[in-house]
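The values are calculated or read from the model by the stated rules, or taken from the named source; none is laboratory data. None of the values given here were measured: they were computed from a predicted structure. Here the Cβ positions follow ideal geometry from the backbone for every residue, glycine too, while neighbour counts run over all protein chains shown.
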Amino acid sequence: MGLSVVSGISEAKDYLISTPKTSMLITATPGEKSKFQYYGSRIEEADIPGIYASGLAFDKESYPVFGLNTPGEKAMAVSHPDGNMTLDLVVDRVKQYSVDDGDVTEIVMKDQVYPFVLRQYFKTYSGSDVMTTWVEVDNDNKKPITLYRFASAFLPMRRNDNWLTHFHGFWGGESTQEQERLTNGQKVVANKDGLVNTESDNPSFMLSMDGEPTEDAGHVFGGALAWTGNYLIKMDVHSTKFDMSAGINEETSHYVLDPKSTFRTPEFAMTYSTEGKGGVSRAFHRWARDHKLHDGNKEHDILLNSWEGVYFKVNQKGMDEMMQAFSAMGGELFVMDDGWFGNKYPRNSGSSSLGDWEVCREKLPEGIEGLIASARKNNIKFGIWIEPEMANTKSEIFEKHPDWIMRVNNRPLSTGRGGTQIVLDLTNPKVQDFVFGVVDGLMTKHPEIAYMKWDDNCSVLDYGSQYLPADKQSNLYIDYQLGLKKVLERIRAKYPDLVMQACAGGGGRVNYGMLPYFNEFWTSDNTDALQRIYLQWGISNFYPAVAMASHVSADKNHQTGRTVPLKFRFDVAMSGRLGMEIQPKDMNDADKAFASRAIAAYKGIRPVVQFGDLYRLMSPYDNKGVASLMYVVPDKKRAVFYAYKMNHLINMVVPTVRMNGLDPDKMYKIKDLTPVDEKRPCALDGKTISGKVLMNEGLPMASLLNKEYSSLALELEAAE
Ligand code: GLA
């Protein structure tokens with residue numbers, strides 16, 4: 001995607017790395033430090049002298065290392081076998097080459113004295129405005145070296161009125177948007193959970209270069225670390241300078257690297273938009289679908305998950321009834337959640353059985369075969385829940401393999417969920433085989449299984465590996481993740497068509513380290529449609545709708561106790577990957593009929609939502625009483641528009657919403673996708689309005705959203 005070498009000033013060599021809308025400029029001259037000059041909107045070779053002349057070039061090390069001239073933040077620190085803690089790297093050579101999905105620039109740097117090689121990579125992806133960077137380190141000594149700091153990316157930024165947008169959360173409130181002006185000092189977005197790395201904060205963020213960011217204008221940098229373990233993103237802000245670094249969190253994780261081994265940092269993905277935050281999101285969504293998500297361009301089925309419908313009370317009859325009812329509503333896939341396994345200790349609560357992945361004969365005498373037969377009879381696909389990295393102290397696996405769990409042998413064992421949950425030690429290759437075997441065993445016996453929800457409801461509790469030697473205990477957090485990656489790679493090599501969902505007590509693993517092996521993620525255990533608008537808004541900044549599982553749940557929501565109309569619940573869930581998480585038996589006939597119509601409507605708009613470009617129109621975080629967003633297909637012939645009444649007072653100002661992303665010259669025919677009464681769709685149904693009017697003037701919402709929890713889901717189709 002446009003790599004070029006340009007001779008810059010003096011003997012320096014400039015490397016211009018470009019995507020369709022962005023460029024990075026690096027100077028890498030053999031024998032000298034590698035220098036970062038520019039990252040921003042796309043420039044051409046002819047613009048490079050202007051970048052220097054204008055003072056825009058940073059001329060700062062592209063990967064600053066610790067030891068000589070130490071003040072300030074650095075990207076890497078190591079100790080050599082003789083105890084020396086300094087690095088002095090200069091460029092050895094630069095390689096540029098194409099790979100399957102893009103182009104790579106590799107800057108090879110060598111220490112001037114020690115046998116230490118560092119390669120810094122920059123990769124562009126075909127057809128994408130996202131580029132990634134990472135480094136690799138070789139230990140060419142005869143003894144181990146220790147890495148104390150190992151950022152994936154280190155970028156100087158221009159100090160202006162910079163604003164940071166990041167996503168903070170809690171169980172049930174993941175990815176809640178925070179937006180703040182950056183002031184002098186350090187701002188850190190970090191995680192130290194060990195396993196669940198996106199419940200509290202997400203490793204993705206935007207930085208506005210010129211004031212409070214908007215959706216459609218202004219220069220915004222977007223970055224995301226592709227790692228599912230502990231991470232550290234740091235903004236080091238001073239009046240006169242501003243550096244951003246992102247990578248694995250090295251706290252209590254200094255890494256002992258054996259001789260003849262290589263350490264590779266995760267990719268840090270970034271884009272630069274001159275179209276505000278919306279431009280960053282659309283670039284990330286496209287990159288995710290085309291290059292990162294597993295099968296990101298395949299449509300996702302509409303599913304019913306059993307969790308909120310029956311919790312642990314799984315049995316053949318109940319599952320069969322759910323499948324039958326869901327299939328009658330037009331559903332495509334049924335997922336049996338927790339509660340189906342364990343014989344010595346049947347899984348009836350969160351306090352036993354994890355690791356004993358045998359079907360519970362007492363609850364399901366016909367086995368998984370019986371469930372698959374039900375699915376076949378009901379013309380629906382079948383999926384299943386697993387939490388394969390885990391065990392309980394009350395489980396056969398713990399009795400048989402007490403050495404497989406993470407623990408500190410001479411100390412009491414800490415436990416998580418149910419007072420008994422413990423984590424398997426994935427640094428151990430035998431445990432890796434076991435975890436792979438959970439999926440492989442199920443799939444070998446039951447190749448009809450179409451979907452797996454892979455959960456993780458525990459953090460690293462006791463820091464100790466019974467497998468790693470004493471001098472490598474500090475590798476545990478990182479080696480766990482590398483072990484998990486190996487398992488997931490094996491699963492994907494053998495089962496490329498299995499649809500997998502990443503879940504961690506809700507939205508605890510929504511990141512680009514996990515997603516290459518998964519088709520989708522569970523956004524949050526909170527299925528309350530009103531709060532979902534905030535959570536899904538946050539998630540939508542970096543993660544595409546096709547992967548965002550969004551389920552219609554019970555009338556009185558199980559997490560918040562809120563009651564909102566079924567239409568509102570559908571209109572929210574239909575803005576992501578639609579599913580249901582409800583007991584169909586508790587729905588009356590009118591609700592079932594409405595659900596059937598909404599499911600049929602979603603099938604019609606599925607490609608628009610799952611693969612369209614997202615335009616966020618009115619933010620719930622702006623408290624205007626209305627939230628609104630839309631998806632538009634690239635040729636602008638079809639779009640889907642959503643609007644939600646967020647609160648309701650008689651004398652309130654209800655705003656007009658202006659659309660975005662349409663073709664001003666096209667006429668769009670509007671269809672109400674989810675009228676409660678088929679004979680009485682909303683007033684806009686059947687009307688034709690130009691893209692120009694819809695975007696420049698918009699739609700007044702006052703009469704359309706005139707009740708508490710009113711909502712709209714509209715399809716727009718360009719007239720031929
Ligand atoms: C986690 C998940 C839920 C459900 C339960 C089952 O909390 O987030 O969706 O699968 O586990 O125990």
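Structure above, values below:
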| item | result |
| --- | --- |
| Test set (1) surrounded by 17 or more Cβ atoms within 10 Å (Cβ to Cβ); (2) outside any loop (DSSP other than H, G, I, E, B); (3) aliphatic (A, V, I, L, M) - ILE449 fails condition number | (2) |
| Output for the stretch 446-462, where each listed residue is within 26 Å of SER349 (Cα to Cα) and more than 25 Å from the chain's Cα centre (by Cα) | HIS446, ASP462 |
| Filter pass, ALA328 being out of contact with any strand residue (DSSP E or B) (no Cβ under 8 Å at 6 or more places or on another chain), among the hydrophobic types (A, V, I, L, M, F, W, C) and within 26 Å of SER596 (Cα to Cα) | yes |
| Pick from the stretch 433-446, criterion of a type in the set (A, V, I, L, M) and crowded, with 19+ Cβ neighbours inside 10 Å, ranking: nearest to GLY370 (Cα to Cα) | LEU442 |
| Given (1) within 22 Å of GLY437 (Cβ to Cβ); (2) surrounded by 23 or more Cβ atoms within 10 Å (Cβ to Cβ), index of the condition ASP337 fails | (2) |
| Test: residue in the stretch 408-419 that is crowded, with 23+ Cβ neighbours inside 10 Å and in contact with a Phe, Trp or Tyr (Cβ under 8 Å, 6 or more places away or on another chain) | no |
| Long-range neighbours under 9 Å by Cβ, at least six apart or interchain, first residue closer than 13 Å to ALA554 by Cα and in the same structural domain as ASP586 (by TED's automatic domain parsing) within the stretch 296-318, second more than 16 Å from the ligand (Cβ to nearest atom) and among the basic types (Lys, Arg) | GLY309/LYS585 |
| Number of the condition not met by ASP663 [criteria: (1) without any contact (Cβ under 8 Å) to a residue 60 or more places away in the chain; (2) more than 25 Å from PRO544 (Cα to Cα)] | (2) |
| Hey, THR29 surrounded by 15 or more Cβ atoms within 10 Å (Cβ to Cβ), in a strand (DSSP E or B) and out of contact with any Cys (no Cβ under 9 Å at 6 or more places or on another chain) or not | no |
| Residue list for the stretch 249-272, filter: over 16 Å from the mean Cα position of the chain (by Cα), of a type in the set (Val, Ile, Thr) and buried (at least 21 other Cβ atoms within 10 Å of the Cβ) | THR265 |
| Listing of strands (runs of 3 or more DSSP E) fully contained in the stretch 319-414 that carry 1 or more residues being within 14 Å of the ligand (Cβ to nearest atom) and over 30 Å from MET574 (Cβ atoms) | 390-392 |
| Single unsatisfied condition, ARG159 versus (1) closer than 24 Å to LYS33 by Cα; (2) of a type in the set (D, E, K, R); (3) within 27 Å of the chain's Cα centre (by Cα); (4) part of a loop (DSSP other than H, G, I, E, B) | (3) |
| Qualifying residue in the stretch 424-432 (condition: surrounded by fewer than 19 Cβ atoms within 10 Å (Cβ to Cβ) and more than 25 Å from the chain's Cα centre (by Cα)) | yes |
